[in-house]
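Comments concern the structure below.
FYI, it's all coordinate maths here, none of it is from the lab. On a predicted model such as this, the values are computed, not experimentally measured, just so you know. Reconstructed Cβ throughout: ideal geometry from the backbone, glycine too, with neighbour counts over all protein chains shown.
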Amino acid sequence: MSEPEIDASGYHFTDIASMSWRASIVADGIEVKDLGSANGRVMELVRCRAGTTFPTHHHVGPEFIYLLEGEAMQNGQRLKPGWAGVAEAGTIDADFHSDAGCVFLLIYSEEKEESEG
């Protein structure tokens, strides 16, 4: 598995095509490629199997997603390829799911997201 390449200039580069997907610890049906982290933010490529639902969670910092493939629903909004979603710190994701399956870019705060219930 390829790790992010880091140089002294503060830039990080990752060849994601050579990276393997890993099972997410969040829920079954979710796979992740860890693309890198810096200044308290983490960037991941996330792949969801059809029928996947994320557990309810609280955003301790802002969360940014950009849908690349498939469809997802977040807070009642259908996201299709090319759609972006931004959740402010303090918001709660109560029903993020993908009936068809999807792939999206995710950027979030390194602080642990808090699961509800």
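Overview of results
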quantity	calculated
Residue that is farthest from GLY29 (Cα to Cα) [pool: residues in the stretch 52-98 that are exposed (fewer than 15 other Cβ atoms within 10 Å of the Cβ) and among the charged types (D, E, K, R)]	GLU88
Single match in SER37, SER98 (criterion: small (Gly, Ala, Ser) and within 20 Å of ILE16 (Cα to Cα))	SER37
Condition met for VAL103 (assigned to a strand (DSSP E or B), of a type in the set (Val, Ile, Thr) and more than 22 Å from ILE16 (Cβ to Cβ))	no
Qualifying residue in the stretch 82-98 (condition: over 17 Å from GLU110 (Cβ atoms), touching an Asp or Glu at 6+ places or on another chain (Cβ under 6 Å) and not acidic (Asp, Glu))	no
Spans of strands (runs of 3 or more DSSP E) in the stretch 18-83 with at least 2 residues under 13 Å from the mean Cα position of the chain (by Cα)	30-38, 41-48, 63-70, 72-74
